[in-house]
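The values are calculated or read from the model by the stated rules, or taken from the named source; none is laboratory data. Bear in mind that the values here come from a model prediction, so they are computed numbers and not experimental data. Neighbour counts run over all protein chains shown; Cβ positions are idealised from the backbone, glycine included. With ligands, DNA and RNA removed, areas are computed over all heavy atoms of the protein, side chains included. Shrake-Rupley method; radii C 1.70, N 1.55, O 1.52, S 1.80 Å.
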Amino acid sequence: MTPLGNNLGQWASKVEFLLAVAGNVVGLGNVWRFPYLCYKNGGGAFLVPYLVFVATCGVPLFLLETTMGQYTQEGGITCWRKLCPLAEGIGYGGQLILLYSCMTYLIILSWALLYLVFSFSSQLPWASCNNDWNTDNCVDFSIRSNTSEWANLNLTTSAATEFWERRVLSISGGIEEVGSIRWEILLCLIVVWIACYFCIWKGVKSTGKVVYFTATFPYAMLLILLIRGLSLPGASEGLLFYLLPDIARLIDPQVDTSSCTHIDCVFMFCRDCLWLCLLNSCTSVVAGFAVFSVLGFMAHEQGVPIAEVAESGPGLAFIAYPQAVAMMPLPQLWAICFFIMLILLGLDTQFVAMEVVMTSIIDMFPSVMRRTGRREGFLLLFCCTCFLAQLVMVTEGGMFVFQLFDYYACNGACILFLCVFESLAMGWIFGADKLFGIIKDMTGMRANKFFKICWLYLAPLVSLGTFICSLVEYQPLTFNRWYVYPAWAYTVGWVLALSSILLVPGFALYKLSTGTGTLSQVRQIGNHWC
C-alpha cells in the first residue's frame, strides 16, 4: 500500500528492479489463497469480479503508487508528505500493515523450512500413522484398500493433519493456552531471519543479486508441479471443480469481497505495470491448476469429494498438499520441490516489504540514517524487534495468534480502507490531471484516460463498496471451523485492524489543526511538481 521510492535509481539494472517487483507480486497468496477462494466462491464465476477489480483497482493503483515513488524519489511516508500532506496517515498505515505482514510471513517460512528438513527423511513423517504423535483416530489415506475405515470421516484424522497439529505445532486448546515454545520452529525462525538480514543488509545492491534466483526458481517449480499434477489420475475432476462456474454466486457480495481483497497493491512502474499485473493474475490462475489437479488426485485416491480435501492457507500448504505428495511416486522429491517453492515465494515478498520499510525510515531521518553503518544497525534492530514480537507465535498456542494477525491486521478491511483514501487523496485532492502530467514528464508518453476515470471514480467507489460489504458480511474468525475465539481476542483483532485505519483520519486532523496540510498547500505542491 505504499510507494517504493529510491528504487529504480539505485538498482544495478532495470532487470533486477523488475525481478524484485515480480517476486513481490507473486507470493504465497497466489498458491494457497487464490485457488481456495476461487473454488469457494463459485469456481469460474469468481474470475469475473476478480478481473473487474484488477482492471478498476489493481492496475490503476499499481501505476499510481509507483508514479508517486519514482517521481518523488521518496519512501512510503515522505512521498505523501511532499505530494499530499493531509494523506500522510496513509503512508504510516501502509507501513504498519507491512510490519504486521513481515511478522506473519516469517512464521510461515519457518514452518515451510521445518517441513523441508523433514522432507529429506527416508519416509515422510506425515505419510503414516506409525509415529509417537499419532492417535487411534489416525487414518493413512494412501492405503486405498482400507476404505471401510473412512466410513465416518468425522471420527478420523489424516496422518498429515496429525503431523501438522500434534507434531509441528503441538497445538493447544485455544489462544488462552499459550503453552511452551516450539523450539524447532524457533530455530527455523532464527535461520530465516538471518537469511533475510544478510540478503538485504546492503540495500538493493545485495537484494538485486538475490532476486535473480529467488524470483525465477519458484516459476520453474510451479511449472514442474503443474505438469506432474496434470499427469495424475483424478486431475481432470479437480480442474472441473476449480473452474466450473456457479453463476448464482455472481450476485453474492461475499464473492466480490473475496476477489477484491486478494488483489495486492504493490509497486510498479509505468509501461511495465500492465505486464507485471498480468503476471500476478496469470500466476494465480496457473497455481490454481497446479493445486487443484493435485487435490483432484488426492480425492480420487481417497474416494471422497474434493470439497473435503480443499483447504485454505496453512491447511492447504501444510496438510492437503503434503498429504497428496505422500501418495505420489518419489514423494520426497515432490515435497522438497514444493517447500523450496514456498520458501522462495515468501522470501521474495519479504525482501521487498522489508526494503520498503527501511527506505521509508531512512527517508524520514536522512541525516541520521544515511551515515555509514546506520542502515545495517537499524535493520538488525528491526529484525530483532520483529523476532521478539513473534515469540508468542511459535508457542503451542501460536497458531491462534498467527491467524488473528493474518485475518485482522494484514488483510480485509484495513487494506480496502487505505485503497479508498489513497485514490481519493491523489485523484481529487492532489489532482488526476497533475498525475497525468507527472507520468508524461517521466516517460514522454500520455497515460490512457481510463486510468483517470479509475482514480477519480471507479477505484474509490469499488473499494468503498467492497469495504462496506466486508463489514456487513463480517464473520468472526474461527479455527478449523470449530474453535471460537474468546471475546477479548476479537477485541484485540479489531484493535490491530484499527491501528492502521485510524492513522488516516488521525493524521489528517493533526495536519489541519497545525495548519501543515491545508488544501491550498496541497494545490501549491501539485503546481510545483507539474
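Brief remarks follow.
- Selection within the stretch 424-462 - in contact with a Ser or Thr (Cβ under 7 Å, 6 or more places away or on another chain) and within 17 Å of VAL59 (Cα to Cα): LEU435, ILE439, CYS454, TRP455, LEU458, ALA459, PRO460, VAL462
- Any hit, the stretch 369-379, residues being part of a helix (DSSP H, G or I), of a type in the set (Asp, Glu) and either under 18 Å from the mean Cα position of the chain (by Cα) or crowded, with 22+ Cβ neighbours inside 10 Å (or both): no
- For the stretch 201-236, filtered to residues that are touching a Leu at 6+ places or on another chain (Cβ under 7 Å) and either open to solvent by less than 50 Å² (accessible area, probe 1.4 Å) or closer than 20 Å to THR104 by Cα (or both), the residue that is modelled with the lowest pLDDT is VAL211.
- Matching option when the condition is open to solvent by 10 Å² or more (accessible area, probe 1.4 Å), in contact with a Cys (Cβ under 9 Å, 6 or more places away or on another chain) and either closer than 18 Å to THR78 by Cβ or in contact (Cβ under 8 Å) with a residue 40 or more places away in the chain (or both), among VAL357, VAL392: VAL357
- Note on the stretch 486-530: among residues that are under 17 Å from THR78 (Cβ atoms) and part of a loop (DSSP other than H, G, I, E, B), the one that is modelled with the highest pLDDT is THR516.
- Residues in the stretch 428-438 that are surrounded by fewer than 23 Cβ atoms within 10 Å (Cβ to Cβ) and touching a helix residue (DSSP H, G or I) at 6+ places or on another chain (Cβ under 6 Å): ILE429, GLY431, ALA432, LYS434, ILE438.
- Of all residues making up the stretch 347-367, the number that are within 13 Å of TYR100 (Cα to Cα) and of a type outside the set (Val, Ile, Thr): 3
- Condition broken by GLN302, with the remaining ones in (1) under 22 Å from SER121 (Cβ atoms); (2) of a type outside the set (Val, Ile, Thr); (3) crowded, with 16+ Cβ neighbours inside 10 Å satisfied: (1)
- Residue within the stretch 401-417 that is small (Gly, Ala, Ser), surrounded by fewer than 18 Cβ atoms within 10 Å (Cβ to Cβ) and out of contact with any Leu (no Cβ under 7 Å at 6 or more places or on another chain) present: no
- Consider the stretch 443-453 and keep the residues that are open to solvent by less than 60 Å² (accessible area, probe 1.4 Å) and either of a type in the set (Ser, Thr, Tyr) or part of a helix (DSSP H, G or I) (or both). The one that is modelled with the highest pLDDT is PHE451.
- Of all residues in the stretch 113-128 being among the aliphatic types (A, V, I, L, M) and not in a loop (DSSP other than H, G, I, E, B), the one that is most open to solvent (accessible area, probe 1.4 Å): VAL117
- Within the stretch 462-520, the residues that satisfy the criterion of being open to solvent by 30 Å² or more (accessible area, probe 1.4 Å) and of a type in the set (Ser, Thr, Tyr) are TYR474, THR478, TYR490, THR491, SER499, TYR510, SER513, THR514, THR516, THR518, SER520.
- All conditions but one from (1) open to solvent by less than 30 Å² (accessible area, probe 1.4 Å); (2) modelled with pLDDT under 70; (3) part of a loop (DSSP other than H, G, I, E, B) apply to MET328; the one that does not is (2).
- Only one of the numbered conditions (1) open to solvent by 20 Å² or more (accessible area, probe 1.4 Å); (2) under 30 Å from ARG374 (Cα atoms) is not met by GLU177, and that is (2).
- Residue match in the stretch 129-143 (condition: at pLDDT below 75 and open to solvent by 30 Å² or more (accessible area, probe 1.4 Å)): yes
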